[in-house]
Amino acid sequence: MKSPQVSIIMGSDSDLPVMRQAADLLKEFNIPFELTIISAHRTPTRMMNFAKKAHTKGIKVIIAGAGGAAHLPGMVASISPLPVIGVPVKSSNSIDGWDSILSILQMPNGVPVATVALNAAKNAGLLAVQIIGSHDKAVQEKMTLYKKEMANGVAKKYKRLEKMGYQDYTKE
């Protein structure tokens, strides 16, 4: 088994239904990853050790999901030299997810966290693939094919609409 290139971490197992999207996407691209629970509030020493050492284990990107106060992505980003992608998770104790979004999005200068939309772990996985693809031609080619297939899917949908008699106003 290859060493993981991406670490998917979350503050609680209640985040797993959302964070699984990133794991599934990475599987689709055959990118090895690890997935675990690290709480910024309940296991701060574990979080600090993880953030200090992830890059020494061959990890290239960290995807960190958290709900509520959502300190995990920012705290990890403050310690690790790796890019961190934050996934705000709408949790049972959240304010419609806004607390999570703003906690991850509003990082101070010097501590960047790439932030995706609420519960959008799939986009976090795609961003991790693109980061890895910037240095790995095979991964980049898979991403190019993925985007082409996505565009083809949209083309099928608008052609179906045209067959139903709807006008395509983008044609000259």
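The values are calculated or read from the model by the stated rules, or taken from the named source; none is laboratory data. Since the model is a prediction, treat every value here as computed from it, not as a measurement. Positions of Cβ are backbone-derived with ideal geometry, glycine not excepted, and every protein chain shown enters the neighbour counts.
Assorted remarks:
- Meets criteria (within 24 Å of SER7 (Cα to Cα), outside the structural domain of GLY11 (by TED's automatic domain parsing) and of a type outside the set (Phe, Trp, Tyr)) for LYS142: yes
- Any hit, the stretch 101-109, residues being within 14 Å of ILE9 (Cβ to Cβ) and under 15 Å from the mean Cα position of the chain (by Cα): yes
- Residue match in the stretch 142-153 (condition: touching a residue at least 12 places away in the same chain (Cβ under 8 Å), surrounded by fewer than 19 Cβ atoms within 10 Å (Cβ to Cβ) and not hydroxyl-bearing (Ser, Thr, Tyr)): yes
- Residue count, the stretch 103-147 (criterion: at positive phi and touching a strand residue (DSSP E or B) at 6+ places or on another chain (Cβ under 9 Å)): 1
- Yes/no for GLY133 being free of Cβ contacts under 8 Å to residues at least 60 places away in the same chain, over 17 Å from GLY74 (Cβ atoms) and surrounded by 11 or more Cβ atoms within 10 Å (Cβ to Cβ): yes
- Filtered residues of the stretch 6-20 (kept if under 25 Å from LEU145 (Cβ atoms) and surrounded by fewer than 20 Cβ atoms within 10 Å (Cβ to Cβ)): ARG20
- Of all residues in the stretch 40-50, none satisfies being in contact with a Lys or Arg (Cβ under 6 Å, 6 or more places away or on another chain), in the same structural domain as GLY74 (by TED's automatic domain parsing) and of a type outside the set (Gly, Ala, Ser).
A quick yes/no check of all residues on (1) assigned to a helix (DSSP H, G or I); (2) closer than 16 Å to ILE63 by Cβ; (3) not polar (S, T, N, Q):
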site	(1), (2), (3)
PRO108	no, no, yes
PRO112	no, yes, yes
LEU118	no, yes, yes
LEU126	yes, yes, yes
GLN130	yes, yes, no
GLU141	yes, no, yes
THR144	yes, no, no
GLU149	yes, no, yes
